[in-house]
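To start, the structure itself, in structure tokens.
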Amino acid sequence: MYNFKNDYSEGTHPNILNKLIETNLVQQLGYGEDEYAIQAKDILKNKINNPQATIHFLSGGTQTNLIVISFLLRPHEAVISAKTGHISANETGAIEATGHKVITVETADGKLNPIAIERALQEYALKPHVVKPRMVYISNSTEIGTIYLKKELEDLAACCLSHNLLLFLDGARLGHALMAQDNDLTLADVAKLTDVFYIGGTKNGALLGEAVIFKDPNLAEDFDYVLKQRGAMLAKGRVLAIQFLELFKEDLYFELADHANKMAMKIAKTVKSKGFSFLTNSTTNQIFPILPKNIITKLNENYLFFVWKEIDEDNAAIRLITSWATDEQYVDAFINDLKRL
């Protein structure tokens, strides 16, 4: 069985393992004050063209979303998200458990736009009887594989600025978004247009880890206190820092995301050639082909994937995810099996 269910089935890229072994007995300060963290942060600051940015390394996406959102919002404030957003659909109510409402918005493509935000603001305008929208949460790439183009992110940023809203971008799959064939955003653009975002390592070659980046250091004041209080400050912070150092010192991060996207697009090309359609127009490493159920059953004999959405009695959309380590021979095998069915 080959697993297309997620992009973290494998462990980590060998470069990271080798670096961890190479530096294993080199003594370092703890709690993120090691020399590898300093180097990794300097590289990231250079890539986003912001030497003043504040950067912290956390272990996972849900932890990052929970801590960033609860840190930035006051008790009566809420966050606006697409209904498909990870904080709404896949985090067990983590944000609500901190006391902050997630205001969900229906979207056709998993992306928010200024019109949707304006509607949410109107719906929650009866102060002080309703929660106060204070943050906009977006994912790039989204949970259904779509990406934000530069103009879309610029429009969102302008809307948030005009309404005094913080813009937070979940970058669990940011590498895949930036390496998508139709993308026109750079990492520096993302850093400039958002108030805070993170670069996901877990889904793109790291053992674990996300790099949280605050554009304005004033916004991040005392964030380290909160990390410690929430149990998110690793004593051996070097474990996270070394991974981001290896991923970004020679742009390995982008190479890995590019490979994952190419494997997904290779499958997508075959799906299209067979005359099948897709749930969304994804150009990243998540694709959602709509296939007859009898074909899905046959494919499921050799490949693992999620049946994402029932379309009708005979057809369903499945989700296929390719990773940085996806072996092309298994992609070719899947393609050949699909062609035969």
Filtered residues of segment 138-166 (kept if under 23 Å from Asn90 (Cα atoms) and crowded, with 23+ Cβ neighbours inside 10 Å): Ile138, Ser139, Asn140, Ser141, Thr142, Ile144, Gly145, Thr146, Ile147, Tyr148
Helices (runs of 4 or more DSSP H) wholly inside segment 10-127 containing at least 1 residues that are more than 25 Å from Asn204 (Cβ to Cβ): 61-72, 94-97, 114-123
Subset of segment 167-198 [surrounded by 24 or more Cβ atoms within 10 Å (Cβ to Cβ) and of a type in the set (Lys, Arg)]: Arg173
Qualifying residues in segment 173-215 (those that are assigned to a loop (DSSP other than H, G, I, E, B) and under 16 Å from Lys41 (Cβ atoms)) - the one farthest from the chain's Cα centre (by Cα): Lys215
Where a residue in segment 220-237 is loosely packed, with under 12 Cβ neighbours inside 10 Å and its partner, wherever it lies, is not polar (S, T, N, Q), with Cβ under 6 Å and at least six apart: Ala235/Gly30
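Considering only segment 159-172, I want to know if a residue exists there that is in contact with a strand residue (DSSP E or B) (Cβ under 6 Å, 6 or more places away or on another chain), under 28 Å from Ile287 (Cβ atoms) and acidic (Asp, Glu).
yes
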Which listed residue is within 30 Å of Leu121 (Cα to Cα) and not β-branched (Val, Ile, Thr), from Lys19, Lys5, Lys83: Lys83
Exclusive hit being hydroxyl-bearing (Ser, Thr, Tyr) and more than 15 Å from Leu338 (Cβ to Cβ), set Thr270, Thr297, Thr280: Thr280
Residue match in segment 199-209 (condition: open to solvent by less than 10 Å² (accessible area, probe 1.4 Å) and closer than 18 Å to Met135 by Cβ): no
Options Asp170, Asp182, Asp189, Asp216: the member that is within 30 Å of Ile117 (Cβ to Cβ) and touching a Lys or Arg at 6+ places or on another chain (Cβ under 8 Å): Asp189
Residue in segment 56-85 that is farthest from Tyr8 (Cα to Cα), counting only those that are open to solvent by 20 Å² or more (accessible area, probe 1.4 Å) and of a type in the set (Val, Ile, Thr): Thr84
Criterion (open to solvent by 20 Å² or more (accessible area, probe 1.4 Å), small (Gly, Ala, Ser) and under 27 Å from Leu207 (Cβ atoms)) met by exactly one of Ala264, Ala257, Ala241, Ala325: Ala325
Residue that is least open to solvent (accessible area, probe 1.4 Å) [pool: residues in segment 1-38 that are without any contact (Cβ under 8 Å) to a residue 60 or more places away in the chain and not aliphatic (A, V, I, L, M)]: Pro14
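The values are calculated or read from the model by the stated rules, or taken from the named source; none is laboratory data. Just so it is clear, the structure is predicted and the values come from calculations on it, not from any experiment. In this analysis, Cβ positions are derived from the backbone assuming ideal geometry, glycine residues included, and neighbour counts consider all displayed protein chains. Side chains are part of the model used for accessible areas, which takes the heavy atoms of the whole protein and leaves out ligands, DNA and RNA. Shrake-Rupley method; radii C 1.70, N 1.55, O 1.52, S 1.80 Å.
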